[in-house]
Every structure is written in C-alpha cells, then in structure tokens.
Amino acid sequence: MSSVPQPASSPIPATAAPAAVGGAARERRSLSAWEHVAHTVALVGVGVQAVTGFGEGLGLGELEGWRLLAHLCGAGLFAAGFTATMLLWLPRARRAVPGMGWVRRTLYWLVLAAGVAVMWPMLLAMLPLAGTAAQEELVEWHEAAALTLVVLMVPHTVASLVARLRC
Amino acid sequence: MRRGVASVVVLGLAAACCAADEPGTGLLRTDSLAPYVHRLTLYDHDGAAIDPTQDDAPPYSPRMTCGKCHPYDRIAGGWHFNEPRPDAFGGRSGEPWLLTDPATGTVLPLSGRGWPGAFAPEAVGLSEWQFVLRFGRHLPGGGYGEPDGERRRAAPEAARWRVSGALEIDCLVCHAAAMHHDPAERARQVEAQNFRWAATVAAGLAVVRGEARKAPDDWDPEAPPDLDRPDRSGPRLVYDRARFDPDQRVLFDLTRRPPAERCYFCHTVREVGVEEERELRAGRDVHLAAGLACTDCHRNELDHHIVRGYGAAAAPERELLGGNAALSCEGCHLGTSGGAALGPDVAGMHGAPYPQHRGLPPLHFEKMTCTACHSGPWPDMTARRFQTALAHGLGLASRERRDTDPPLILAPIFGRGADGRIEAQRMVWPAYWGRLEGERITPLLPETVRKLAGAALPRVAKDPPPPPTDEQIAAVLAALGRAEGAAGEAVYIRDGRLYRLGADGGLVVTHGHPGAAAYRWAVGHDVRPASQSLGIGGCTDCHVDGAPIVFGYAATQPAGPGALRMFELRGEDPRLVEAWAAGFAWRPVFKVFAFACVGVMTLVLLHGGLDGLLALLGRRP
C-alpha cells in the first residue's frame, strides 16, 4: 500500500509517515496541541453526556434541572470535540498506518457510526417534524446509540493505550 | 357519544320510589335516544298533588315531584350537592366560595370539601343557614340548603328554617332544556328566604307574593293575612294556570344535555378591564366552538358524580367516577377509539384530533398538564383580573358591579398542581382577621370583627375601599385583643403576610405563614386550540428571558402586593431558570453547528462505508 498522502495542513505529524502496510515502524508519535484540545473536549463532552444521561441508572435521579441543562450544554462540547477528533484521526483510519491496526481502525469506524447515531435522533427531535410517538422513539434511539458509544469507548481506549505503550 | 348517552339514560317511571336508591332496582328505563316527555303532576312538600286552581296552592317540591321516579337521595350525594357531607371525596382543589366583606377587608376561601387553604364553613362559625343566605344565589339546592330535619330543628336559625323550608335540589337549574327556567329569579327568591318557593317561581309556574324573610318566626301559612302588616303575611303563590293541562299536569322541557348557557350561570369566568373591542372579539372554548356541550365531557351517571375531567388516576376518585380517566384531555385525545389505538389518522371520542406536538420533547408531558399550554388566556408578564359567577355574583343583573370589585382573582398563574406538574391556575390572596393558637389560625367572620372592633375599623369612604393601613390594622388588632374571653392572639392575614402586635404594641409582619398562602385552583377552560397554544411560536414561547410562564408576575403589577414571579411561586432555583433562558438563546447557533458536525461525520461515514464496500468487492487496492 502506498504511503498516506499528507497535505501541508494535516494534523498528522510527519513522524507518523511514511509507513508501510503492517510495517514495524515504532516511532512514538506525539499529539499536536490541536489534537490535545480536540481529545480533551471530546472526552469531557462524552463524560458529561454519559454521567448526566445515564445518571438515573447511576442513582442520580431523573434527568431534569441542572443535570438536564448540563446535558444540553455538554452536547455542544460533544459535537465539537467528537467531530474534531474523528476528523483528525480520519486519514489514519482510512489506511493502515503504524499503530493503527485493523482493530483500532474498526473501532474508529464503529465509534464514528455510534456518534452519528447519537446525534441525529436528538437533532431531528429539535425540528418540528416528529410527533410525540416519534419523539419517544428518537429518544430511545439516542439512548441506545449513546450506550453503544460508551461501550465502544472502552475497547477503543484500551486499544489506544496499548498502541501508545507499544510505540 | 349518543350511544354513551343512551346507555346511561335512566328515566324512572315507576312509582316504586322507595326502592329507587338501589341501583337498577325499581327504575323503568326508556333506553332510547329520544328524551322522555316529562308531563308531570306536581306534588307539594307533603307529597300531595297540587291543584293550581285552589287559593293558597303550595309550591311544588322537586323531592316529591321528581323523586317520584328518580332517586332523589342518591342524586343528592352527587358532586353539586354533597359538599357538606363529611364522607364526600373532595378531589382536586377547585374554586372555593369566597366570603368577601370589603368593609373589614375580608376575602375568606370556604369549602366543605377539605381543599387545602380553604376553611370549612362550620370551622369559621358559618351555619348552614348563613351559608345559604350568602351563597344560595349559586347553589343548585340540596347540600347546605337542605340539612336534614333534625339539623334544621337544632340549628340556631331553626325558626327561620321552619318559615323558609329547605332549599331542595332544583333539577331544572341544570336540566331545563330552554331558558324558561330563570336561575336569577331563583336567586332573588333565595335572597328573600323563599327557599321552599324558589323552584316553583324560577320555573315560571307561578309568581310569588310576599317574602319569608319578613314573616315572623311563628308564621303560620294557614293563618289569614295580617291586614295591619301585610308584609308579614309570608309568601303566597299565584300559579300560571296556562302552564297546566286539563289534568293539572305541567310539561317540563328537560334535557340530559343542557346547553352550556345553563352551566354558565354558575361557571362564568370573565376577564375584567379589557377593551370593548377585545371583548367583542373574545374567543370561546374550542370544544364549545366545535359544537360540544359541557356535559359531553363532564358526564355523570345516575348518582350525579360529575366527571371533573382531570383524569384522576388514584382511588377513591377513580372508582367514584368511572369515566374520569376516559373523559379527560388524554382520554379523548390520546385514548382509544373502539379498541383501535389512536394516532395521527385516527380521531378519539367526539372526533378529538390526535395531538401532533411535533418537535415537543415528551418530557413536557411529565412536567406540565395539557392546560398549562392550552387553557386560559394567553399569558402576559403580569396576571390579569377575573371575575367569576360564584365570587362576584355574575348572572344577576346589577348596575353596581364594577371591574374593581373584590375579590381580586388573578389568572393565568403557572403553579404546580398536587401531582407536581405545572398547570394554569387562578389565584386569590386570602385576607381575614383571626385568632392564632400555635400555628393554627381560626378566622373570624366579618360580623364578629365588626362587633368586637367596629370602632377601630376604617371608615369606608371609597367603594371599593383601599386595603387597611398599618395603623388601622394595628388598631383593629388591639381592639380584637381586648375582647373578653378571646382565645388566641389576634392576627390579620393579607397579601401573603401575617400581621400581629408585638410586645411593644407595634405591628409585626411575618411572611410565609401557611395560613397566609395564596389559594390557587386549576384553570380548565377556556381551552385554546393547538394553533393558539403556548409553544406554537417555538421553544422561546417559554424558554427565553421574559417568558411569562417562568418570569411573569403573579400580580396585576410587578410591584403589586405579593408580586411573586412564577418560578418563585413554584419554588424553582432562580439561577437555574436564568441559565435555561440563556441557554436557549444559543440554541439556534447550536442547531446549525451540530447539524454541520453531524452532516460532515455522516459524509465521512458514508465515504468510509463506500470505500470499505469497494475494497471488499476488490475494486479498490
């Protein structure tokens, strides 16, 4: 496989490329400042959304008041951080690069799909399209996708840490 | 609907009235949609048939006449009549009787139904007789108007009860199919203490000469008129013989589905202070505009337990009112139609449209009632002033009534109901003098206040009088405190404050005493259609800084007495409501941004998926 094309503005550090398919490049790739910001915002967003959204299951009571407001505000963080992170990792997810084996790439696409599935239902619910029954279904979709996303975050995090430790 | 009406049409045609209190026993039924033609012999209070050609023919008795076929005692346990019964279930708080006395600054909520914030008439020393004299104008009879014989004989006003007789249930108040029954005339007869004669005169069967209130305690209806004092001769009837057929029977034009105008005599609510043009263009309840009658939803069975329409889900009301859940907003608009689940294309009872509520998060239905968005007038930043038939005597012609007449009833107020949901409410601030013992306040009737502190009461120069000043309150409290044998400390309640005299004789004002809390009750009507409901303008009808449902004042003026804001009234955190309002200011921006994000990610996902598919098919390296 050919090397990953690297536009001048690419956030991927030059140290990460070129790389061969299944290559044994073991250079440690440090995250750029932008990547740090994006990851941090995404993590905070996911964390806020998970804690507030699944708070009822955690014994925090019904989603209302301050927690609901935090959930709504966290949605902005989540949307920004998650989108930025996904776009940053996209070039590597499309091609095998050192440290991005098939497991991590698969997880990338699954996490991306889950994130999209989390966001679409609630955004659609904000439009004057869905009636009460459809709204309830959208909320159920949102919850199921969110749970999937949170579950996927576990192997994604483990795989990322393992990859970092190997480098 | 008609099938439903037919199923409950019970016309007792049997003479076996003694068995009529047992459901389904001794009653003949027509089971027809066609109304039974009531051509009836009239019976007096002793059960004797009335011959209108006789001089001194007595008034007819609904108990004896209607009760020949209908179970009067069972009906007397129904909602409109059972208020004094200790075993009657009060249900959700409703409009209380407001004992209003401008001269003493009294606005005292009364109810025998045990509603929080309202006092039982007997608890404030108001006898059944006094209650009927004050509120009988809008009582349909029975209840306070018809205590049993033993209670009447034991009452302090036993002699007056004997002269006036009981105020029996006047079935025609509700069931008159046309306006030949005159409830205002009935109210005049109640005022004249002609209780026994009221139903006959209101029905237009006779005119009455004389007044029971002018008759002496030992009045004898059999005695010849006192020529020296004809006014003390008591009431005598002159029957309209044209109303009787040759067999001395009368045609009663009755219906089980009275027009709304019958109900409005007691249930009118009008906004005051509105411009004439606005009044001219005022809307009606959407259900009435659609051709429904009040009784299409507020139904009852033979026991006359009227469905109040708020869908009580808890016992005992659920059992008491079998149709309660079905005949509610949700019951008609979200229920089932012939077993088929309702939906956008399937209408409910009466063709009730299935509510779309497009874009409205379902969370709102857990936090708010239907009426919060759909009932009462469109809210402004300040509440508006209303008059009701029960509180202001609407329905009785008067040249004296003014928009500023007390009591001050405010609406719409967005408070929490007993189930914790936000609902549209009406509100009144209680105002009364009383005795404080521990935390319990026993109100004093205006007559008592006048008797004990008459000299200290402010002279009423204006009509309506302004609220008493601090000095006047202190003077009256001092006078009440000096009264002999008075138990408890004299206090005055007004605008949510409790006034009392301190040790130094100065006025001490306390806020937050439960006895001073505003009395609020739910607004059911008028219902506005979806196109005129809160939220039709989007989320910012409510979620914006300055939204009346959150930031509006529960007073006619922001600086008015007791001018709490709606969120304060509900005990909500002011930082939270402000944060919500501020948050929604950014919502359009968030929407654009979030759609852009999810749009880009969706494209990425689709592109990735396409790449993967092509790779799987071997068309990509």
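Relative to its Kirkwood radius, the Cα radius of gyration of segment B:509-560 gives an Rg/Rh of 1.08. When the convex hull of its Cα atoms is viewed from all sides, the protein assembly as shown shows a mean projected area of 46.3 nm². Could you tell me which residue out of B:ALA490, B:HIS70, B:GLY524 lies farthest along the dipole of the protein assembly as shown toward its positive end? Charges go on the beta carbon: Lys and Arg +1, Asp and Glu -1, centred on the Cα centre. Positive-most Cα among the choices belongs to B:GLY524. Given R0 = 22 Å, the distance between the Cβ atoms of B:THR41 and B:ARG241 translates into a calculated FRET efficiency of 0.90.
Close amide H pairs (under 5 Å, H built 1.01 Å from N) link B:ILE409 with B:PHE386, residues at least 5 positions away or on another chain. Grouping the Cα pair distances of segment B:443-551 into 10 Å bins from zero gives a pair-distance distribution of 12, 30, 22, 14, 15, 7, 0 percent in increasing distance order. When only the Cβ of Lys, Arg, Asp and Glu is charged (+1, +1, -1, -1), the dipole of segment B:42-104 relative to its Cα centre reaches about 440 debye.
Treating each Cα of segment A:98-167 as an identical point scatterer and summing with the Debye formula, the log10 of I(q)/I(0) at q = 0.15, 0.20, 0.29 Å⁻¹ comes to -0.56, -0.77, -1.16.
For chain B, the alpha carbon positions stretch 121, 74, 45 Å along the principal axes, listed from largest to smallest. Of A:ALA117, A:PHE54, A:ALA38, which is farthest towards the positive pole of segment A:31-166's charge dipole, taken about the Cα centre with +1 and -1 on the beta-carbons of Lys, Arg and Asp, Glu respectively? Result: A:ALA38, furthest along the dipole toward the positive end. Backbone amide hydrogens, once placed in the peptide plane, bring B:ALA206 within less than 5 Å of B:ASP240, excluding anything fewer than 5 places away on its chain. From the residues B:LEU613, B:PHE551, B:TRP580, which one has its Cα farthest along the dipole of segment B:551-615 in the positive direction, the dipole being from +1 and -1 charges on Cβ of Lys/Arg and Asp/Glu about the Cα centre? Farthest along the dipole direction, towards plus: B:PHE551.
The 3J(HN,Hα) values that the Karplus relation (6.51, -1.76, 1.60; θ = phi - 60°) gives for segment B:478-483 are, in residue order, 5, 5, 5, x, 7, 4 Hz. Gly and Pro appear as x.
What translational diffusion coefficient, to the nearest whole µm²/s, does segment B:25-102 have by Stokes-Einstein, given a Kirkwood radius computed over alpha-carbon pairs, a temperature of 20 °C and 1.002 mPa s viscosity? Please report the intermediate quantities before stating the final value.
On the way: Rh = 16.2 Å.
Estimated via Stokes-Einstein, D reaches 132 µm²/s.
Exposed loop sites here are GluC sites (Glu not before Pro) assigned a DSSP state other than H, G, I, E or B and surrounded by at most 12 other beta carbons within 10 Å; excluding them, the longest clear run of chain B is B:1-221. With contacts taken as Cα pairs under 8 Å at a separation of at least 6 residues, chain B carries a relative contact order of 12 percent.
Rounded to the nearest 20 debye, the dipole size of segment B:14-157 about its Cα centre is 440 debye, using +1 on the Cβ of Lys and Arg and -1 on the Cβ of Asp and Glu. Pop out the carbon and sulfur fraction of the accessible area of chain B as a percent, whole number, probe 1.4 Å. Carbon with sulfur: 55 percent of the solvent-accessible area.
Largest accessible area first, the residues B:THR388, B:THR442 order themselves as B:THR442, B:THR388 under a 1.4 Å probe with ligands, DNA and RNA left out. The dipole here belongs to the protein assembly as shown: it is taken about the Cα centre, uses +1 on the Cβ of Lys and Arg and -1 on the Cβ of Asp and Glu, and is about 3520 debye. Residue-wise HN-Hα couplings along segment B:554-560, as the Karplus relation 6.51 cos²θ - 1.76 cosθ + 1.60 with θ = phi - 60° gives them from phi, are 7, 7, 6, 9, x, 9, x Hz; Gly and Pro carry x.
Among the trypsin sites (Lys or Arg not before Pro) in segment B:384-477, those located in a DSSP loop and surrounded by at most 14 other Cβ atoms within 10 Å of their own Cβ are B:ARG399, B:ARG401, B:ARG402, B:ARG459, B:LYS462.
When the Kirkwood radius is taken over all Cα pairs of segment B:540-609, what Stokes-Einstein diffusion coefficient follows at 10 °C and 1.306 mPa s, in µm²/s? Approximately 109 µm²/s, per Stokes-Einstein. Using θ = phi - 60° in the Karplus curve 6.51 cos²θ - 1.76 cosθ + 1.60, the 3J(HN,Hα) couplings for segment B:33-39 round to 6, 6, x, 6, 7, 8, 10 Hz; x is entered for Gly and Pro.
Helical content of chain B, expressed as a calculated mean residue ellipticity at 222 nm, amounts to -7000 deg cm²/dmol (DSSP H runs of 4 or more residues, -39,500 (n - 2.57) each, divided by residue number, nearest 500). Here's how it looks for B:ARG308: its modeled amide H is under 5 Å from none belonging to a residue 5 or more places away or on a different chain. Note on segment B:107-249: Rg/Rh from C-alpha atoms, Kirkwood Rh, equals 1.01.
Taking the empirical scaling 2.2 N^0.38 Å for compact globular proteins as reference, segment A:31-166 has a Cα radius of gyration ratio of 1.12.
The values are calculated or read from the model by the stated rules, or taken from the named source; none is laboratory data. Just so it is clear, the structure is predicted and the values come from calculations on it, not from any experiment. Virtual Cβ from ideal backbone geometry, glycine too; neighbours counted across all protein chains shown. Only protein heavy atoms, including side chains, enter the accessible area calculation; ligands, DNA and RNA are left aside. Shrake-Rupley method; radii C 1.70, N 1.55, O 1.52, S 1.80 Å.
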